[in-house]
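Note sheet for the following structure.
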Amino acid sequence: MAEVNLREVVKDYGDLRVIHGVSCDIRDGEFLVIVGPSGCGKSTLLRMIAGLEQITGGEIAIGGRVVNELEPAARDIAMVFQNYALYPHMSVYDNMAYGLRIRGLPKAEIDTRVRRAAGILELGEELLRRKPRQLSGGQRQRVAMGRAIVRDPAVFLFDEPLSNLDAKLRVQMRLEIKKLQQNLGVTSIYVTHDQVEAMTLGHRLMVLNGGVVEQLGPPIALYERPATRFVAGFIGSPAMNFLTARIGADGTTVDLPGGDRLPLPDGDFAAHAGRPVTLGIRPEHLEPAAEGIGVAVAHLTVVVTEQLGADTLIHGHFGNDRSDLTVRLHGTVHAAAGDVLPLSVRPEHLHLFDPDSGRRLDPAA
Amino acid sequence: MEKRVVFNNRVLPYLLLTPQLAVTLVFFIWPAVQALKQSVLLEDPFGLSSQFVWFDNFIALAEDPLYLESLYITAFFSGAVALLALTSALYLAIQADRVIRGATLYKTMLIWPYAIAPAVAGILWLLLFNPTMGLLPYALGAMGYTWNHYTNGGQAQFLVILAAAWRQVSYNFIFFLAGLQAIPKSLIEAAAIDGAGPARRFWTVVFPLLAPTTFFLIVINIIYAFFDTFGVIHAITQGGPAGATNILVYKVFNDGFIGLDLGGSAAQSVVLMVIVIALTVIQFRYIERRVHY
């Protein structure tokens with residue numbers, strides 16, 4: 001077990017910079033999830049920690065020891081790959097024992113460790129003798145984790161380990177990984193593009209975009225107070241609605257192009273008075289105005305309704321410029337195309353972003 | 001599900017098959033039947049009549065020390081050719097798999113030798129090693145080693161093995177390279193994280209995964225060394241000196257067309273036929289049960 005420190009880590013491929021100075025201190029036993037769209041550099045960052053990619057600049061330390069120049073084998077890490085990377089010609093047992101044999105552990109010790117890991121992952125005796133190709137996707141996933149567990153490493157690295165599984169299995173394995181990490185207490189770094197995995201698994205979440213850390217913090221903090229428009233749009237499903245708006249002259253309201261005015265949350269926005277903003281509202285924070293809380297946003301003209309059972313998603317448009325808007329309402333709400341719904345939102349659920357930089361706008365302290 | 005094309009016309013399918021069947025019949029089946037027939041006949045010295053002698057030709061072969069010697073030489077020759085061609089091809093493929101810059105050029109050049117006819121390959125190596133005007137004997141002579149494969153049987157064997165293997169390296173290289181590229185990179189990375197160094201990774205992960213390819217190539221290479229190396233031998237040594245490079249397929253030609261022992265030569269071809277059938281059976285059986293990971 002160990003902490004992992006990234007200091008201004010940089011990666012270049014020729015003239016192309018793919019990681020722009022990432023810094024992060026991962027505490028001992030912490031579960032950090034790195035999330036971002038494909039091509040954002042999250043896998044590259046993980047592979048740099050593993051030692052599979054050269055580090056162009058900056059420093060990576062595991063357990064207080066700088067590992068920049070160390071071989072993967074010397075870094076005391078274990079990695080679970082997206083395609084599991086099980087040795088196809090070896091039995092499940094041999095797959096798990098391979099790393100231990102190379103380290104020259106005594107046979108009895110290897111056997112104890114493999115059987116203990118198999119026990120934790122509920123891999124039966126009969127399964128240990130099989131070859132990987134005779135296993136189901138979920139079983140292979142378990143073996144890949146078993147191979148990591150037996151090594152008893154300082155850090156677990158996961159590279160999108162669930163993306164090859166079907167939806168149902170993914171939910172199950174997600175839970176198992178979380179339980180496993182809680183029980184073993186090993187520092188873990190987990191890369192994914194799936195925002196549900198990102199929200200549910202980690203103690204902290206790093207949102208990476210174009211090789212830059214957009215925000216780092218507990219998942220719920222990122223949901224409640226996204227630091228940038230990118231984070232706001234990436235975290236949460238269905239995605240946040242973004243509207244072009246302007247802060248009123250007195251700094252207490254935000255004016256929508258259709259002429260509607262919404263009161264701003266408490267705080268001093270006077271410094272921003274009159275400036276154009278991007279207004280973000282989560283679909284789940286819009287409510288039917290009839291409930292009488294908050295202030296009427298707009299009268300939404302319904303275009304498409306998706307009934308998910310527990311929820312109903314309504315896609316429509318409103319205002320003079322017919323801005324698109326998605327609303328998430330209770331499953332009992334029924335609406336047909338062409339209906340007009342009056343909606344409201346609480347001021348504290350409004351997110352304001354600078355339209356140019358994408359940074360969150362906060363009231364002056 | 002099996003895919004089947006059903007012809008409505010009863011004649012058309014046979015018509016379409018005719019060219020291939022005709023070629024097979026004229027160039028493969030008919031000569032094979034002729035060889036079988038010839039192998040149980042004994043011709044008179046002037047080729048005017050022949051006599052049915054049952055298996056006397058085969059019995060004579062089995063008792064002929066020169067034939068047994070040739071059998072031994074062939075086994076050694078094909079084993080050496082296969083070993084040399086496989087190991088050098090594997091080495092080159094591993095290197096080619098790692099090359100990033102100029103990889104296409106490197107791979108293209110490595111494939112070229114396969115386009116050269118065996119006889120031409122033989123001539124190339126003969127010129128290189130020619131005792132009177134070759135470059136290498138001159139260099140070897142300067143180091144105090146006398147090269148003359150016209151008189152030294154061991155040197156002659158070495159030369160034909162080299163020439164025969166050289167051509168086959170290209171063929172093996174393509175298969176090994178394809179095999180290497182089919183191994184997922186993450187497997188190698190997983191082994192590296194597990195602590196295996198490059199040599200250990202190769203022997204415990206890469207090589208076992210190449211085993212199906214290697215086995216297939218061993219069979220192919222032995223068949224090549226047995227049958228396709230006639231041109232090399234004919235161009236370089238004509239089976240000499242003193243029969244040191246007289247492999248079975250060359251002896252068939254030598255005994256039949258030079259020695260004019262048609263019966264004995266035909267019997268030898270029948271033996272070769274049996275060998276190639278056996279090798280083919282091994283290969284097909286193997287390919288059917290090929291291990292899929």
>> Just to be sure I understand: with springs between alpha-carbon atoms less than 10 Å apart, which residue in A:Asn83, A:Asn68, A:Asn183 has the highest mean-square fluctuation in the Gaussian network model of chain A?
In response: A:Asn183
> Is there a simple number for the mean count of other chain Cβ atoms within 10 Å of the Cβ of residues in A:98-108, and what is it?
Replying inline: 3
> Counting Lys and Arg as +1 and Asp and Glu as -1, each charge on the Cβ, what is the dipole of the protein assembly as shown about the Cα centre in debye, to the nearest 20?
Replying inline: 860 debye
> Given a 1.4 Å probe and no ligands, DNA or RNA in the count, how much accessible surface is buried by B and A, both sides, to the nearest 100 Å²?
Replying inline: 1800 Å²
> For A:61-73, what's the mean count of beta carbons from other chains sitting within 10 Å of each residue's beta carbon?
Replying inline: 1
> Sequence-distant or interchain residues sharing an amide H contact under 5 Å with B:Asp261, placed H: which?
Replying inline: B:Gly256
>> With a 1.4 Å probe and all protein chains kept in place, how much accessible area does A:Arg115 have, in Å² rounded to the nearest 10?
In response: 90 Å²
> In chain A, what % of DSSP beta bridges are antiparallel (nearest 5)?
Replying inline: 75 percent
> Just how far, in whole angstrom, is the stretch A:128-203 from the stretch B:112-191 if you go by their alpha carbon centroids?
Replying inline: 50 Å
>> Can you compute the charge dipole magnitude of chain B about its Cα centre, using +1 on each Lys and Arg Cβ and -1 on each Asp and Glu Cβ, nothing else charged? Give it in debye, rounded to the nearest 20.
In response: 1380 debye
> Measuring from label point to label point, each 7 Å out along Cα→Cβ, what is the B:Val6 to B:Ala242 span in nm?
Replying inline: 7.1 nm
>> Just to be sure I understand the model, the point goes 7 Å from the Cα along the line to the Cβ. What's the resulting A:Glu59 to B:Ile59 distance in nm?
In response: 9.1 nm
>> Explain nothing, just the number: relative contact order of chain B, from Cα pairs under 8 Å at least 6 residues apart, as a whole percent.
In response: 27 percent
>> Over chain A, what is the relative contact order in percent, taking alpha-carbon pairs closer than 8 angstrom and at least six residues apart?
In response: 15 percent
> Say the dipole of the stretch A:86-150 comes from +1 at the beta carbon of Lys and Arg and -1 at that of Asp and Glu; which of A:Pro132, A:Pro106, A:Ile120 then lies farthest toward its positive end?
Replying inline: A:Pro132
>> For a 30 Å ceiling on Cα separation, which of these pairs sit above it: B:Lys107/B:Lys251; A:Lys42/B:Lys185; A:Lys131/B:Lys107; A:Lys11/A:Lys131; A:Lys42/A:Lys107; A:Lys11/A:Lys107?
In response: B:Lys107/B:Lys251; A:Lys131/B:Lys107; A:Lys11/A:Lys131; A:Lys42/A:Lys107; A:Lys11/A:Lys107
>> Can you sort A:Glu59, A:Glu69, A:Glu176, A:Glu8 by solvent-accessible area, 1.4 Å probe, largest first?
In response: A:Glu69, A:Glu8, A:Glu59, A:Glu176
> So how exposed is A:Arg170, as accessible area in Å² (1.4 Å probe, rounded to 10)?
Replying inline: 70 Å²
>> Full-extension gain between B:Ala119 and B:Leu140, please, as 0.36 nm times their residue separation minus the C-alpha to C-alpha distance.
In response: 5.1 nm
>> Using a Gaussian network model on chain B with a 10 Å cutoff between Cα atoms, which of B:Gly243, B:Gly259, B:Gly141 fluctuates the most?
In response: B:Gly141
>> Using a 1.4 Å probe on the protein heavy atoms only, what accessible surface does B:Trp166 show? Give it in Å² to the nearest 10.
In response: 80 Å²
> So for the protein assembly as shown, taking the charge dipole from beta-carbon charges (+1 Lys/Arg, -1 Asp/Glu), which of B:Asn130, A:Val196, A:Gly331 sits furthest toward the positive end?
Replying inline: B:Asn130
> Per residue of A:85-92, what is the mean number of Cβ atoms on other protein chains within 10 angstrom of that residue's Cβ?
Replying inline: 5
> For the stretch B:57-291, what is the largest minus smallest coordinate of the Cα atoms on each principal axis, given in angstrom and ordered from greatest to least?
Replying inline: 65, 50, 28
> By Kyte-Doolittle mean hydropathy of at least 0.0 and Cα axial length of at least 15 Å, which whole DSSP H helices of chain B are selected?
Replying inline: B:12-24, B:65-98, B:118-129, B:153-181, B:207-223, B:262-288
>> Quick check on chain A: helices-only [θ] at 222 nm, where DSSP H runs of length 4 and up contribute -39,500 (n - 2.57) each and the sum goes over total residues. Nearest 500, please.
In response: -7000 deg cm²/dmol
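The values are calculated or read from the model by the stated rules, or taken from the named source; none is laboratory data. Note that the structure is a prediction, hence the values are computed from the model and not measured. Cβ coordinates were reconstructed from backbone atoms using ideal geometry, including for glycine residues, and neighbour counts include every protein chain displayed. To get the accessible areas, we keep the full protein, side chains included, count just its heavy atoms, and leave off ligands, DNA and RNA. Shrake-Rupley method; radii C 1.70, N 1.55, O 1.52, S 1.80 Å.
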